[in-house]
Structures are given as C-alpha cells and as structure tokens.
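The block underneath contains the structure these notes are about, expressed in structure tokens.
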Amino acid sequence: MNQIKPNSLAARDVAYHLHGYTNAVRQEQEGPLIMTEGKGIYVYDENGKAYIEGMAGLWCTSLGFGEERLVDAAIRQMKKLPYYHTFSQKTSSVTVELAEKLIGIAPVPMSKVYFASSGSEANDTVIKMVWYYNNALGRTKKKKIISRQKGYHGVTVASASLTGLPNNHRDFDLPIANILHTDCPHYYRYGQESETEAQFAQRMADSLEKLILSEGPDTIAAFIAEPVMGAGGVIVPPAGYFDLIQRVLRKHDILFIADEVICGFGRTGNMFGSQTYKMTPDIVTVAKALSSSYLPISAVMINEKVYAVLRDNSGKIGVFGHGYTYSGNPVCAAVALETLKIYEERNIVDQVRRVAPTFQREMRRFADHPLVGEVRGVGLIGAIELVKNKQTRESFAPQQGIAAQTSKFCQELGLITRGMADGMAFCPPLIITEAEIEEMFRRFAKGLDATWAWVREQGLVAA
Ligand SMILES: Cc1ncc(COP(=O)(O)O)c(C=O)c1O
C-alpha cells in the first residue's frame with residue numbers, strides 16, 4: 001500500500017476520489033485499500049487477500065456478503081418496477097408491504113413509517129417532525145433537542161449537530177441552534193471514585209434534568225439516544241440508566257427518540273436495542289441492517305401520538321411538506337423486505353443469542369492484556385479500550401494514534417476492525433459462527449501483541 005503504482009486503481013482513486021472520514025494527506029501518500037469481492041464474513045482486496053470484516057462494514061452488513069436472496073430480490077424488483085415515489089398519495093406495492101412489516105415488528109406500538117435513504121436523513125427528518133409537531137400544537141418555544149456527548153446520529157447539517165463528537169462539528173460551523181448535549185453515560189470513563197454504577201446512572205439522569213430545568217422544560221422538545229452508543233466507542237448504558245432517563249422525559253413532556261440505526265434488527269440480542277434496555281420511544285429510526293446495507297434505505301417509525309398531530313397539521317396546511325425522491329424506493333424496499341424475511345426464517349435473534357456468549361467471552365479474554373483498560377459489549381457488538389496505564393486509566397495522546405496503529409496491524413493480519421477513539425470496535429455480521437468468532441479474536445490477539453511491541457519500541461509506555 002505504501003508504493004502507489006502509476007495508473008493502478010489506487011493511483012486513480014487518489015487522483016479522483018475524495019473519501020469521507022479520511023485524512024486526505026495520508027490517502028495521497030498511502031492510497032486506499034480496495035475491496036473487490038465479499039463472501040460470508042470475508043471481504044477480498046484487489047490482490048485476493050481475505051479479511052474478516054469485524055465491523056460488518058460500517059456496522060451494517062448483518063447478513064454478510066454474497067447473500068444471493070437479496071441479489072435476486074433486487075433483480076426481480078428492478079425488472080418489475082425499478083422506481084416509484086411516495087409523494088402525493090402514491091407508492092409502490094412493495095413499499096406498502098415493508099411499512100406494514102416494520103410496524104408489525106416495532107419494539108413498541110408504532111403507527112406509521114416514513115422512508116429515507118440513510119441514517120442521517122432519517123434523523124434529519126425526525127428533527128423536522130419534532131419541530132412541526134410542536135408548532136402544530138402551538139408550543140412554538142418547545143424546540144430544543146437534547147442529544148449526548150459522544151452520541152452519533154449522522155453527518156447532515158442537522159444530524160451532525162445531534163452527533164456529539166468534536167470532529168463532526170469542528171470547522172463545519174456546527175452544531176446548529178437548538179441542539180444541546182448532555183453527559184455521556186460511560187461508567188468506566190466518567191464514573192467518580194467510589195460511585196456505584198447505580199449512583200452513576202442516577203447522576204446522569206439528574207444532570208439531564210438539571211439541563212432541562214436550566215433551559216426551561218417548555219423549550220425542550222425531544223431527547224435522542226442510541227441504545228448502545230456505536231461510533232462514540234461502543235458504550236453500553238449503565239444498569240437502570242434508561243429507566244431513570246425516561247422518568248425525567250415523561251415528567252417534562254419530552255419526546256423520546258431511539259436511534260436504532262446500529263442496534264436495530266438483532267444486534268444486541270433482541271430485535272431492537274429498545275427491547276434490550278426497556279425503552280419506550282415515541283420515534284424510532286432504523287437503517288443499516290434494515291437491508292443488510294445491500295441498498296440504501298432507512299426508516300422513521302412514529303407512534304400514534306406524533307402521527308395524529310402531523311396528520312392534522314398537514315390537513316390544515318394542505319401538505320406534509322417533506323419527502324425525498326428516493327423515499328420508499330421499490331428496489332431498496334424489496335431488498336429490505338427480503339432481509340426481514342431472512343431474519344424471520346433463520347431466526348436471527350436466536351442466532352445472535354446462540355453465538356453472543358462466545359463473542360463476549362473471547363473479547364473479555366483481553367481484559368488482562370497490559371494495553372487493555374476495559375472490555376465492554378452486549379450481543380454481537382463490543383469494544384476493547386486501549387489505555388496507556390491500566391491502573392490510572394490514562395489514555396494515549398491522540399497524536400500517538402494507538403487505535404490507528406492497532407487497526408493497521410490487524411489489517412495486515414487479515415482482520416478489519418476500527419478504533420472508536422481508543423476503543424477497538426467489533427460488530428461482525430450477525431451470521432458469524434462460533435469458529436469464525438474464535439478466528440477473528442485469534443487475529444486480533446496477534447494484532448494487539450504487535451501493537452504492544454510497537455508501543456514499547458516507541459517508548460510510549462514505561463518499559
Ligand atoms: C447510530 C447511528 N445513527 C445514524 C447514523 C448515520 O447513518 P448514515 O451513515 O447512514 O447517514 C449512524 C452511522 O453510523 C449511526 O451509527
């Protein structure tokens with residue numbers, strides 16, 4: 001990868017393509033890793049080298065690569081009706097079926113589904129719905145939305161504002177007005193000395209309430225949360241957290257939005273993360289595993305309380321003035337519908353529950369490693385947090401690039417994993433077998449040992 005051959009795919013990529021979430025200077029120097037094929041949990045680069053996709057791409061290819069039924073579903077729908085839209089009381093038959101199916105499996109009673117193409121668009125749509133809802137109710141001040149530090153909700157102007165990570169705001173002039181961030185509920189990082197997990201959860205809820213009271217409850221419209229925070233570092237909520245948070249929300253008449261873009265469709269060992277953590281949201285967003293990411297599709301589910309207000313207001317105005325060209329695209333909907341059928345037929349939730357103990361056990365074996373501060377996870381998602389000092393929990397300086405270095409060693413060993421801050425994340429396709437999980441962590445063990453040797457060579461820790 002260091003030597004970019006003239007006229008190679010890598011050279012052409014460097015010449016013509018601006019990548020998201022990439023250091024463009026490093027991309028020019030080193031070039032990209034180019035994948036050409038995928039099968040099961042493996043992807044293959046242009047030289048035929050195989051990698052275990054430990055992240056299911058971007059937490060998304062739940063059925064792995066090369067699922068023929070999804071390919072066939074797309075082809076069938078392409079031939080039948082490749083495009084239709086959902087504006088002005090029109091739709092396609094398969095979009096109707098998908099909406100019905102989603103309402104049928106929603107974690108709590110939901111009334112309607114709105115379709116978009118990405119998680120960011122879904123969350124953007126939610127912000128607009130929440131504002132529209134409160135305007136319709138005459139609560140014109142009730143507009144602020146509270147998200148969390150380290151929450152991840154997308155990158156469009158509004159959804160990036162919800163995202164609570166510095167790089168998504170810095171030099172983009174974000175966040176926009178009316179978006180607030182409350183504490184990140186990471187007990188290992190932010191728990192105080194001698195504070196129990198239960199006390200920490202209570203402090204998180206108290207802090208949220210303090211923010212609401214200081215802003216004025218009549219100005220707070222909604223609270224958004226991922227059941228398990230993904231890009232912020234795979235942060236599993238402390239016990240009791242969502243129960244306490246929801247009490248605060250109910251007290252102040254604040255809508256609850258669950259961002260199930262990663263957790264939805266089995267990841268945490270239930271169909272939805274909301275079920276794992278006993279959340280009762282008014283609005284749920286899904287994407288990624290909805291179609292196993294074979295085609296872009298996302299959805300917003302809203303309950304009857306929200307829908308009834310939107311319906312009446314659109315009647316009053318004459319239209320619900322929002323909609324994307326690709327909302328409910330029939331080919332994407334057909335692939336999503338087939339994905340949900342596969343989940344049902346193969347009982348994906350049971351499959352996750354069957355292999356998750358192996359995944360969690362194998363991951364937790366790293367807890368004793370000198371570089372590992374915390375191992376955390378639930379179902380088939382987890383992270384191994386790397387620290388400079390196990391006792392004090394001190395992190396490496398960001399410029400030391402510990403996670404990037406670990407990813408690089410793992411990549412050489414045929415494993416794709418990514419560092420979320422200093423948490424090495426694992427979120428493999430849900431179809432992974434126990435033997436494949438063991439192989440994934442065998443490769444990670446070698447990568448971590450290589451990092452440990454590198455850290456000592458570089459003098460980043462006391463020898
Ligand atoms: C929880 C969550 N919400 C929203 C998004 C944004 O989705 P997209 O990248 O499809 O816009 C992501 C993407 O990783 C996510 O993890």
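Quick note: the coordinates plus some simple rules give every number you see, no bench work behind them. Values in this document were obtained by computation on a predicted structure and should not be read as measured data. We place every Cβ from the backbone using ideal geometry, glycine too, and count neighbours over all the protein chains shown.
Remarks
- Counting charges near Y132 (Lys, Arg +1; Asp, Glu -1) among other residues having Cβ under 13 Å from its Cβ returns a value of +4.
- Ranked R148, R376, criterion: other C-beta atoms within 10 Å, fewest first: R376, R148
- Student exercise, the chain dipole from Lys, Arg, Asp, Glu Cβ charges, in Debye to nearest 20: 740
- Between the range 72-141 and the range 397-413, the C-alpha centres lie 39 angstrom from each other.
- Computed 3J(HN,Hα) for the range 87-101, one whole-Hz value per residue from the Karplus formula 6.51 cos²θ - 1.76 cosθ + 1.60 where θ = phi - 60°, is 7, 5, 6, 10, 6, 10, 4, 5, 5, 4, 4, 5, 4, 4, 4, glycine and proline marked x.
- Distances between placed amide hydrogens fall under 5 Å for G373 paired with E385, L386, V387, all partners being 5 or more residues away or on another chain.
- Two-site FRET efficiency, K341 against T280, from Cβ-Cβ distance with R₀ of 30 Å, rounded to 0.05: 0.65
- Note on the range 254-355: the alpha carbon radius of gyration divided by the globular reference 2.2 N^0.38 Å gives 1.22.
- Scattering from the chain was approximated by placing one identical point on each alpha carbon and applying the Debye formula without solvent; log10 I(q)/I(0) at 0.07, 0.08, 0.12, 0.13 1/Å stands at -0.36, -0.48, -1.11, -1.30.
- Each listed q (0.14, 0.19 Å⁻¹) maps to a log10 I(q)/I(0) for the range 193-273 from the Debye sum over equal C-alpha point scatterers, namely -0.53, -0.91.
- Charge dipole (the chain, unit charges on Cβ, about Cα centre) - positive-most of P175, Q149, T125: T125
- Inverse mean reciprocal Cα-Cα distance (Kirkwood Rh) of the range 417-463, Å: 12.3
- From phi via Karplus (6.51, -1.76, 1.60), per-residue ³J(HN,Hα) for the range 53-63 in Hz, x at Gly/Pro: 7, x, 10, 6, x, 10, 6, 9, 7, 4, 8
- With a cut-off of 20 Å on the backbone N, the residues of the range 77-97 near the modelled label site 7 Å out from S314 along Cα-Cβ are 84-97.
- Extension gain for the segment A198 to H322, taken as residue separation times 0.36 nm less the Cα-Cα distance, is 40.4 nm to one decimal.
- Length gained on full extension, V96 to N47, computed as 0.36 nm times the residue gap minus the Cα-Cα distance: 13.3 nm.
- The Cα center of the range 260-312 and the Cα center of the range 320-380 differ in position by 13 Å.
- Total charge dipole magnitude, the range 317-400, about the Cα centre, Cβ charges on Lys, Arg, Asp, Glu only, Debye to nearest 20: 300
- Neighbour counts of C-beta atoms inside 10 Å place W131, W454, W59 in the sequence W454, W131, W59, starting with the fewest.
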